[in-house]
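The next block holds one structure in the form of structure tokens; read it before the comments.
The values are calculated or read from the model by the stated rules, or taken from the named source; none is laboratory data. Here the structure is a predicted model, which means the values were calculated and not measured. Note that we place each Cβ from the backbone using ideal geometry, even for glycine, and neighbour counts take in every protein chain shown.
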Amino acid sequence: MKKILTIILLTVISLSGYAQRGGGAPNWISIAVKGGYGNSIFFCKQAKDVSDGKFEYEPMAPSYSVGGRLGVVFVDKIGASVEYLSAGYKPKNTFNNGDTKLSSNFDMKASDLLLLARYTGEYGFYAEFGPKFTTAKEITRDSEEADILGVKIPANGVDVSDRFNDKFTSLVFGLGITPYNGDRVLVSLGLRASYCMNSFYKEGLAYGIAKLDAQALNPEIKPFSVQAMLEVCYHFARFGSATCGKQKIIFFK
């Protein structure tokens, strides 16, 4: 992951330098409000090791994110942005042996900080990539546990935050279009995928999913999500040359 972040940082820096050599200063600065909705999965590498049943994911378990963005776009359509999002992820895992289904529904409330490089092409197309730094504020679990008589006993709202690292990093990639492109206001629609490449589970603690803990002592848990994103962006300033020849921010009236 450190190598990937280093490559991304060097790419952003090199693109910034190239844009400045090609035309000078960044073209404009923008702020945006945005929101996303999609799925949420806690992938487990050891799911295949469950021998007496089937370990299943709910592919459409929901996730959401709401927040804002500050961005700069350079003359040659290369830009960089910083986003802060309040997010929620609700993955669902189920053990199914044909006769019984035991479900574990997770609810993770988090904040996401994203550092993205973005290319904006013709006709409103854009592509973005970069790291996402997640801070998990709370992780709870609703589950069903069977007693010795086979009666399912629900365990709702159990705080399992101590079983996971509260900070982890994901790699983000997104594509989209801008159906409304005004002089200063833009409305964009897109898809964004996020995948954590390192497990955020704490080794030596029970994960909390029926039948998995007994067969995978230290499972690798990697969050994944794909969200549809809606963004409303406003260009509020640009860099320009002052009378002394230095660059300064020029705010639009």
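Across segment 84-100, the qualifying residues are those that are surrounded by fewer than 19 Cβ atoms within 10 Å (Cβ to Cβ) and in contact (Cβ under 8 Å) with a residue 40 or more places away in the chain, and the one among them that is farthest from Asn156 (Cα to Cα) is Gly98. Screening the candidates Ser103, Ser111 for the property of being at pLDDT below 90, in a strand (DSSP E or B), among the hydroxyl-bearing types (Ser, Thr, Tyr) and surrounded by 15 or more Cβ atoms within 10 Å (Cβ to Cβ) yields one hit, Ser103. Might you let me know whether segment 115-136 holds any residue that is modelled with pLDDT of 80 or more, of a type in the set (D, E, K, R) and closer than 18 Å to Ser225 by Cβ? Yes, the conditions are met somewhere in segment 115-136.
The residue of segment 141-156 that is modelled with the lowest pLDDT, among those that are surrounded by fewer than 17 Cβ atoms within 10 Å (Cβ to Cβ) and either charged (D, E, K, R) or within 19 Å of Pro219 (Cβ to Cβ) (or both), is Asp147. Right, Asp159: of a type outside the set (Gly, Ala, Ser), surrounded by 14 or more Cβ atoms within 10 Å (Cβ to Cβ) and modelled with pLDDT of 85 or more or not? Here the answer is no, as Asp159 does not meet what is asked.
Restricting segment 51-100 to residues that are within 28 Å of Glu138 (Cα to Cα) and among the β-branched types (Val, Ile, Thr) leaves a set whose member that is modelled with the lowest pLDDT is Thr94. If you filter segment 180-239 down to residues that are assigned to a strand (DSSP E or B) and among the small types (Gly, Ala, Ser), you find that the one that is modelled with the lowest pLDDT is Ala237. Test Gly130 against the criterion of being closer than 29 Å to Arg163 by Cα, crowded, with 21+ Cβ neighbours inside 10 Å and small (Gly, Ala, Ser), and give yes or no. Considered against the rule, which asks whether it is closer than 29 Å to Arg163 by Cα, crowded, with 21+ Cβ neighbours inside 10 Å and small (Gly, Ala, Ser), Gly130 comes out as yes.
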